[in-house]
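Heads up: the structure comes next, in structure tokens.
The values are calculated or read from the model by the stated rules, or taken from the named source; none is laboratory data. Given the structure is predicted, the values throughout are model-derived calculations rather than measurements. In this analysis, Cβ positions are derived from the backbone assuming ideal geometry, glycine residues included, and neighbour counts consider all displayed protein chains.
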Amino acid sequence: MNILQNERVKILDERLLSDNWYILKKFTFSYQRKDGQWETQSREAYDRGNGATILLHNPEADTVILTRQFRLPTYVNGNPTGMLIEACAGLLDNDQPDDAIRRETEEETGYRIQSVEKVMEAYMSPGSVTEKLFFYLAEYSADTERRGGGGVDEEEIDVMEIPTAQAMAMIGSGEIRDGKTIMLLQHLRLRQLTTSLN
């Protein structure tokens, strides 16, 4: 992780708390406030690397491809089954974002996508997690090549093909509660509305 230089921030100490799964560090730093005064603060930051996410859309049928899998953090925070409906996503693992998302798409959904469109970048939980996500859209059809899917290693991923309108309704009903997925679905819907008005 490269720390860019900001003259109002001075890192005083960087301490490793855990590298059991990814990297958890505690930073002590001086921060210059707007009034010019310097203040010492401590924060923890969890570094799991950057990732990419994609929404596959069939414009002819107006359907989207989503995944469903067990997510322990949601289970311990009130999700009774722990199952979460999401757009396909994964870590970059030292690949370029475009390459990583094509790899993840095939591993999770089975679809082999060549052309992807980057639509945005976003920090998803900037108060404690360093991860930046690269967001993509791609088209698929009934003729798109598909092999396997369902994830790799210990992953057990269900692949779901859902009408776009139903997916949007599932946000309101609470069936879809994943931030990246909501962002991609709303981006797609706004694009559709803009296209229909032009």
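From the list I85, I65, I54, I113, which residue is of a type outside the set (K, R) and in contact with a Cys (Cβ under 6 Å, 6 or more places away or on another chain)?
Details: I85 fails: in contact with a Cys (Cβ under 6 Å, 6 or more places away or on another chain); I65 fails: in contact with a Cys (Cβ under 6 Å, 6 or more places away or on another chain); I113 fails: in contact with a Cys (Cβ under 6 Å, 6 or more places away or on another chain).
Residue meeting the stated conditions: I54.
Taking the conditions exactly as written (under 30 Å from T105 (Cα atoms), exposed (fewer than 11 other Cβ atoms within 10 Å of the Cβ) and in the same structural domain as P126 (by TED's automatic domain parsing)), does P59 satisfy them or not? So P59 does not fit the description; no.
Okay, residues lined up against (1) over 16 Å from the mean Cα position of the chain (by Cα); (2) not hydroxyl-bearing (S, T, Y); (3) not in a strand (DSSP E or B):
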{"position": "W21", "(1), (2), (3)": "yes, yes, yes"}
{"position": "L24", "(1), (2), (3)": "yes, yes, no"}
{"position": "E44", "(1), (2), (3)": "yes, yes, no"}
{"position": "L55", "(1), (2), (3)": "no, yes, no"}
{"position": "I65", "(1), (2), (3)": "no, yes, no"}
{"position": "T74", "(1), (2), (3)": "no, no, yes"}
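Of the numbered criteria (1) surrounded by 13 or more Cβ atoms within 10 Å (Cβ to Cβ); (2) over 19 Å from the mean Cα position of the chain (by Cα); (3) β-branched (V, I, T), the one T195 fails is (1). Here F134 clears all of (1) in contact with a helix residue (DSSP H, G or I) (Cβ under 6 Å, 6 or more places away or on another chain); (2) farther than 30 Å from R43 by Cα except the condition numbered (2).
Of the residues making up the stretch 4-36, those that are small (G, A, S) and surrounded by 10 or more Cβ atoms within 10 Å (Cβ to Cβ) are S18, S30.
Just one residue in the set S115, S128 is closer than 18 Å to Y22 by Cβ and either in contact (Cβ under 8 Å) with a residue 12 or more places away in the chain or surrounded by 14 or more Cβ atoms within 10 Å (Cβ to Cβ) (or both); that residue is S128.
Taking each residue of the stretch 134-146 that is in contact (Cβ under 8 Å) with a residue 60 or more places away in the chain and looking for partners that are exposed (fewer than 14 other Cβ atoms within 10 Å of the Cβ) and assigned to a loop (DSSP other than H, G, I, E, B) with beta-carbon atoms closer than 7 Å, six or more apart or interchain, yields A138/S115; E139/P59; S141/E60.
So is T63 under 30 Å from L184 (Cβ atoms), in contact with a His (Cβ under 8 Å, 6 or more places away or on another chain) and touching a residue at least 12 places away in the same chain (Cβ under 8 Å) or not? Taking the combined requirement at face value, the residue satisfies it.
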